[in-house]
2 protein chains.
Amino acid sequence: MQALGRQVLVEFYDCAEDAFADEAALRQHVRDAITASGGTIVTDVFHRFNPYGITGIVVITESHVAIHTWPEHRYVAIDIFTCGSTLDPWIIRDVLAQRLRPANTASMELQRGAIKEAGFAIPTQA
Amino acid sequence: MQALGRQVLVEFYDCAEDAFADEAALRQHVRDAITASGGTIVTDVFHRFNPYGITGIVVITESHVAIHTWPEHRYVAIDIFTCGSTLDPWIIRDVLAQRLRPANTASMELQRGAIKEAGFAIPTQA
């Protein structure tokens, strides 16, 4: 059994207060993390909600990275969905942990598109 | 223990051939599904990869919906990340199943941002 995609789901609890101040900084953190991981950015969209909270999505050639912030709970949810072998999703998690400085975290990795097939080789979506 | 977000991860295997033909149709399917669920669309981005595969992300006031297609495997991955109680994520899954007609499916629901707190009420991000 092999999988078309890998997905890392990340919970950051009790992040640094300044992690939530600046939408442009958050966007740059996510883009820097993707670049550090070996990912290739296609486009992104960041949206600030009223009264608070930012949603950011980055389309990458390897699939996507999504981030949602709840400043009032100092909580951040991150999803890293990848395919292919050029990108290490855990580097994205690690760079964002350095930037957002959560006191507590939890992460898990899932397989997506697990297909049982003779001679199956994991393709890239790029 | 209550959670800030709900996430439904959906695997569609052996979808109808015509599910993959048309990027505009796929985008409309996702937008229709969100509207049917009670969700509110903020913006979206759809990208077609070469030689095949489409990535689509829709930012909603309740968080996001992401879709990735692998036409060569007739496989579609869908993520539905929601907060608040106005949107039923399973309606999005059901509408997309009607449109893409998978022969086999698997889905699971996760809690995101599970916070133990006295008097905690689930907020909306909107």
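Averaged over peptide A:27-40, the number of partner chain Cβ atoms lying within 10 Å of each residue's Cβ comes to 0. Taking the axis that rotates chain A onto chain B, the chain A residue nearest to it by Cβ, with the distance rounded to whole Å, is A:57, 2.
Using a 1.4 angstrom probe, figure out how much accessible area the protein assembly as shown has per residue, in square angstrom, rounded to the nearest whole.
Details: 10290 Å² over 252 residues.
Averaged over the residues of the protein assembly as shown, the accessible area is 41 Å².
So what's the gap between the Cα centers of the stretch A:6-61 and the stretch B:13-51, to the nearest angstrom? For the stretch A:6-61 versus the stretch B:13-51, the Cα centre distance is 23 Å.
Given A:71, A:4, A:50, which one lies farthest toward the positive end of the charge dipole of chain A, if we put +1 on the Cβ of every Lys and Arg and -1 on the Cβ of every Asp and Glu? After comparing all options, I get A:4.
Where the accessible area of the stretch B:10-94 is counted over protein heavy atoms with a 1.4 Å probe, how much of it, in %, is carbon and sulfur? Could the numbers behind the result be given before it?
Working: 1370 of 2930 Å².
Solvent-exposed carbon and sulfur of the stretch B:10-94 make up 47 percent of the total.
The magnitude of the dipole of the protein assembly as shown, with charges of +1 and -1 set on the Cβ of Lys/Arg and Asp/Glu and taken from the Cα centre, is near 60 debye. For chain B, the longest principal axis of the Cα atoms and the long axis of helix B:89-100 meet at an angle of about 10 degrees.
The values are calculated or read from the model by the stated rules, or taken from the named source; none is laboratory data. Not measured: the values here are computed from a predicted model. Counting neighbours? That spans all protein chains shown, and the Cβs are built from the backbone with ideal geometry, glycine included. The protein model used for the area step is the full one, side chains on, heavy atoms only, and it has no ligands, DNA or RNA in it. Shrake-Rupley method; radii C 1.70, N 1.55, O 1.52, S 1.80 Å.
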